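First up is the structure itself, then whatever we jot down about it.
Just so it is clear, none of the values below were taken in a lab; they were calculated from the coordinates. Since the model is a prediction, treat every value here as computed from it, not as a measurement. Positions of Cβ are backbone-derived with ideal geometry, glycine not excepted, and every protein chain shown enters the neighbour counts.
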Amino acid sequence: MENILKGKVAVVTGGTRGIGYAIVQKFLKAGASVALCGSKESTARGALERIKNEFPEAPVKAIWPVLTDSKSVEKAFSEVAEEFGSLDILANNAGISQSTPFYEYTEQEIDKILNLNIKAVMICSQAAAKLMKGKGGVIVNTSSVVSLYGQPSGCGYPASKYAVNGITKSLARELAKDRIRVNAVAPGIIRTDMVANLPESMIQPLIKTIPIGRMGEAEDIANAFVFLASDFASYITGAVLSVDGGVMI
Ligand code: NAD
């Protein structure tokens, strides 16, 4: 996959750890210039330092806009486009999960997950599309296997990922005329902090149902992002690509 993103400029939200960090690594290996987004300056700078140790010469920078604030996102993305020459790829990866039982849900928890997992995806996509319009570009969203089957507790999370699929398919239709492709990757159970925070009683039974017989790695998901962001996927838009070891839960 070396050089298949050569000359492209990408923004990766939630690029400081887990799946997002793996996407940053793979995009750089594929020849892209990358802006990794963190929720805070300290974590964004920390991730930048790690990535610079791995790829000393890499064209990479750190940004930390508030993803739910369109002005903050537009300013940060414009600065990326100015510094690197364009914005060609947006990986909407930042997200949180929840396992709250339904009777215990608070309004604050509902707002929190809908704000980051849905509102931020729309705001970041809009800011990126404004910069891509005319020249073309690619948006890749992070959905989830829960957008197919729901989950037994914490319904805010699958609700948000069903919405991500809806945004993906709708923007694919609306933005095709501007030569912007919009797809999503739907990861299964992937070994990151997000899964480490879930109860073992939820995870262990799930792993037993994976036909490929193991939990996914962040790298498995990042490979799908590289493919969908590349010209190898030039006739693919509106797709939600499952990368889940074949799980049907
Ligand atoms: P993670 O918790 O390791 O990383 C989440 C990332 O989102 C971090 O970089 C974090 O900084 C960022 N983030 C969190 N809150 C933020 C905020 N308020 N503003 C800006 N950024 C914020 O999780 P992960 O497993 O790497 O998840 C990445 C994406 O993959 C998420 O969208 C998640 O829903 C999705 N996903 C993960 C799994 C899994 O099994 N790990 C499965 C399906 C989908």
Taking a ≥ b ≥ c as the square roots of the Cα gyration tensor eigenvalues, with a/c under 1.5 meaning rounded and otherwise prolate when a/b beats b/c, else oblate, which class fits region 142-208? prolate
What angle, in degrees between 0 and 90 and rounded to the nearest 10, separates the Cα long axis of helix 70-84 from the longest principal axis of the Cα atoms of the chain? 50
Quick calc: nm separation of the 7 Å Cα→Cβ label points for Lys133 and Lys6 -> 3.2
DSSP loop GluC sites (Glu not before Pro) with at most 12 other Cβ within 10 Å: longest gap in the chain: 58-249
Give the residues of region 100-129 whose amide nitrogen is closer than 12 Å to a point set 7 Å from the Cα of Ala176 in the direction of its Cβ. none
Helix 218-229 sits at what angle to the longest principal axis of the chain, using alpha carbons and giving 0 to 90 degrees rounded to 10? 50
For region 71-218, the Kirkwood Rh over every pair of distinct alpha carbons, in Å, works out to 16.6
Relative contact order computed over the chain (Cα-Cα under 8 Å; 6+ residues apart), in percent: 20
Using all C-alpha to C-alpha distances in region 34-138, build P(r) with 10 Å bins and read off the rounded percent in each one. 14, 40, 30, 13, 3, 0
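For the chain, state the average projected area of the convex hull of the C-alpha atoms over all orientations, rounded to one decimal in nm².
In nm², the orientation-averaged hull projection of the chain is 12.7.
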What whole number of Å gives the distance from the Cα centroid of region 98-120 to the Cα centroid of region 172-213? 18
Find how much the distance from Ser42 to Met202 grows on full extension, using 0.36 nm per residue of separation minus their present alpha carbon separation; answer in nm with one decimal. 54.4 nm
With T = 20 °C, eta = 1.002 mPa s and Kirkwood Rh from C-alpha pairs, the Stokes-Einstein D of region 165-249 in µm²/s is about 151
Using alpha-carbon coordinates, inclination of helix 41-54 to the longest axis of the chain, degrees: 70
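Suppose the chain between Phe55 and Asp193 were pulled fully straight at 0.36 nm per residue; how much longer would it get relative to their current alpha carbon spacing?
47.3 nm
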Lys71: which aspartates and glutamates have alpha carbons under 15 Å from its alpha carbon, excluding same-chain residues fewer than 8 sequence positions away? Glu79
